[in-house]
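Colleague: Take a look at this one; I'll ask things after.
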Amino acid sequence: MENADIDLAALKRLLEVVGGDVEELEDLRNDYFEDAPELVRRILDAAGRADLTALKIAAHTLKSNARDFGAARLAELCAVLERTCLEGGPEDPVGLARRIRDEEDLARRALAGLNLGDLEGPRSER
């Protein structure tokens, strides 16, 4: 978990957004698991074609998802890619896309290893 820099406070905020419903949060996590690989694929493909518009859109979407799920380093890499696309493009789009791919893999593994029910904390504290 520490390698992907998962922010448990972000996950707790997301749990609050869904009204404390752990099953709903698990469904959202499953949606992330389905959507993120496609976004990474789009980033890699667009980087190979130097398509700044497609890169910016996919990076923005993955950044938002990563922030919601507490994957801070992934979100930051996506923010860098998004920002540099607005400034004319990154020097090494393929290299940055590969870093995003690798960080997303770490985030996915960390998120998969979390028991989301543990985010609720002891009921007696409420």
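Colleague: Compute the Rg/Rh shape ratio of region 2-114: radius of gyration over Kirkwood radius, all on alpha-carbon atoms. Before the final figure, lay out the partial values.
Modeller: Working: Rg = 14.0 Å, Rh = 14.0 Å.
Result: Rg/Rh = 1.00.
Colleague: Sticking with this structure for a sec: Nearest 10 degrees is fine. How inclined is helix 93-112 to the longest principal axis of the chain, computing both from alpha carbons?
Modeller: Rounded to the nearest ten degrees, it is 10.
Colleague: Run lengths n ≥ 4 of DSSP H only: what is the helix-derived mean residue ellipticity at 222 nm for the chain, with -39500 (n - 2.57) per run over all residues, to the nearest 500? Kindly include the intermediate steps, with their values, before the conclusion.
Modeller: Working: 5 runs with 90 residues, N = 126.
One gets -24000 deg cm²/dmol as the mean residue ellipticity at 222 nm.
Colleague: Rounded to the nearest 10 degrees, what's the angle between the helix 8-17 long axis and the longest principal axis of the chain, both from Cα atoms, 0 to 90?
Modeller: In the chain, helix 8-17 runs at an angle near 70 degrees to the longest axis.
Colleague: By the gyration tensor of its Cα atoms, with a ≥ b ≥ c the square roots of the eigenvalues, what is the shape of region 78-122: rounded for a/c under 1.5, prolate for a/b over b/c, or oblate?
Modeller: oblate
Colleague: Additional query: Stretched out fully, how many nm does the piece from Phe33 to Arg109 gain, at 0.36 nm a residue minus the Cα gap?
Modeller: Details: separation 76, 0.36 × 76 = 27.36 nm, distance 0.99 nm.
Result: 26.4 nm gained on full extension.
Colleague: For Phe69, list long-range residues whose amide hydrogen, built 1.01 Å from N in the peptide plane, is under 5 Å from its own amide hydrogen.
Modeller: HN-HN under 5 Å from Phe69: empty list.
Colleague: If you don't mind, there's one more thing I want to ask. Mind listing the phi-derived Karplus ³J(HN,Hα) values for region 56-65, rounded to whole Hz, using 6.51, -1.76 and 1.60 with θ = phi - 60°, and x for any glycine or proline?
Modeller: Result, rounded to whole Hz: 4, 5, 5, 5, 4, 5, 5, 4, 4, 5.
Colleague: Continuing with the same structure: Residue by residue, what Karplus-based ³J(HN,Hα) values in Hz, rounded to whole numbers, does region 77-84 have, using 6.51, -1.76 and 1.60 with θ = phi - 60° and x for Gly and Pro?
Modeller: Going residue by residue, I get 4, 5, 5, 4, 4, 4, 4, 5 Hz, with x marking Gly and Pro.
Colleague: Relative contact order, percent, of the chain when contacts are C-alpha pairs under 8 Å separated by at least 6 residues?
Modeller: Once divided by the residue count of the chain, the mean separation gives 36 percent.
Colleague: What nm value, rounded to one decimal, do you get for the distance between Leu86 and His60 when each label is placed 7 Å out toward the C-beta?
Modeller: The answer from the label model is 0.9 nm.
FYI, it's all coordinate maths here, none of it is from the lab. What you are looking at is a predicted structure, and each value in this text was computed from that prediction instead of being measured. Cβ sites come from the backbone with ideal geometry, for glycine too, and all protein chains shown count toward neighbours.
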